[in-house]
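Chemist: Dropping a structure here in structure tokens format, bear with me for questions.
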Amino acid sequence: MSKSIVDLIKFRQSALDNSSKDDVLEISHLFRGSIDPERFFSESYFTEGIDVLLKTAFARFAGQDDHGVVKLTQNMGGGKTHLMVGFGLLAKDAKLRQDLIATINYQSDFNIAKIAAFNGRNNPHTYFWGEIARQLQKEGLFREYWES
């Protein structure tokens with residue numbers, strides 16, 4: 001006898017906890033280092049979308065592909081931030097990649113990637129590129145664009 005979708009779904013306890021405020025992630029949590037990768041991936045499912053993103057980006061990082069952009073086209077609430085956070089966590093941690101995605105091509109062909117992210121809800125005095133430069137410790141290269 002086949003099971004219905006209701007029989008197959010298992011909610012994680014934290015999703016049912018009304019007092020939990022850390023279920024909703026912002027991209028800024030990634031560069032602040034406030035995400036526990038173990039918890040994040042224990043509550044995540046590797047979809048076809050993240051598989052494509054990881055394969056494409058890691059090939060690029062390893063110098064095996066020249067694609068510079070992966071366009072995320074999900075609708076509102078479609079998981080784009082979750083995808084970017086998962087990707088960022090994996091890109092900046094070689095051991096985490098080895099533990100979780102050892103079979104994905106090129107994941108071990110680079111050490112770490114520097115991560116920078118911008119939350120469009122913020123309005124830094126340095127503007128978009130200045131904020132990215134700050135996160136990459138390259139503010140001096142862009143300072144003239146927000147000071148003049």
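The values are calculated or read from the model by the stated rules, or taken from the named source; none is laboratory data. Here the structure is a predicted model, which means the values were calculated and not measured. All Cβ positions, glycine included, derive from the backbone under ideal geometry; neighbour counts span all protein chains shown. Keep in mind that these areas ignore ligands, DNA and RNA; they rest on the heavy atoms of the full protein, side chains included. Shrake-Rupley method; radii C 1.70, N 1.55, O 1.52, S 1.80 Å.
Chemist: Between Asp66 and Asn123, what is the label-to-label distance in nm when each label sits 7 Å out along the Cα-to-Cβ direction?
Modeler: About 4.1 nm, to one decimal.
Chemist: Limiting things to C-alpha atoms, what are the Rg and the maximum Cα-Cα separation (Dmax) for the chain, in angstroms?
Modeler: Expressed in Å, the Cα Rg and Dmax of the chain come to 17.9, 70.
Chemist: Also: Residue-wise, which Karplus ³J(HN,Hα) couplings in Hz belong to segment 116-132, taking 6.51 cos²θ - 1.76 cosθ + 1.60, θ = phi - 60°, and x for glycine or proline?
Modeler: Per residue, the Karplus-derived 3J(HN,Hα) values read 9, 8, 10, 9, x, 7, 8, 9, x, 5, 8, 6, 4, 5, x, 5, 4 Hz.
Chemist: With the contact rule set at Cα under 8 Å and sequence spacing of 6 or more, what percent relative contact order holds for segment 40-148?
Modeler: 20 percent
Chemist: Okay, helix-only estimate at 222 nm for the chain: each DSSP H run of n ≥ 4 adds -39500 (n - 2.57), divide by all residues, round to 500 deg cm²/dmol; what do you get?
Modeler: Helix-only estimate at 222 nm: -13000 deg cm²/dmol.
Chemist: Taking all protein chains as present, what is the carbon and sulfur share of the accessible area of the chain, in % to the nearest whole number, probe 1.4 Å?
Modeler: Reported share for carbon and sulfur atoms: 51 percent.
Chemist: Net charge near Phe118: determine it from the other residues with C-beta under 15 Å of the C-beta of Phe118, scoring Lys and Arg +1 and Asp and Glu -1.
Modeler: Values: positive: Arg32, Lys80, Lys114, Arg121, Arg134, Lys138; negative: Glu26, Glu131, Glu139.
In short, +3.
Chemist: Using a probe radius of 1.4 Å on heavy atoms only, what accessible surface per residue do you get for the chain? Whole Å² is fine.
Modeler: 73 Å²
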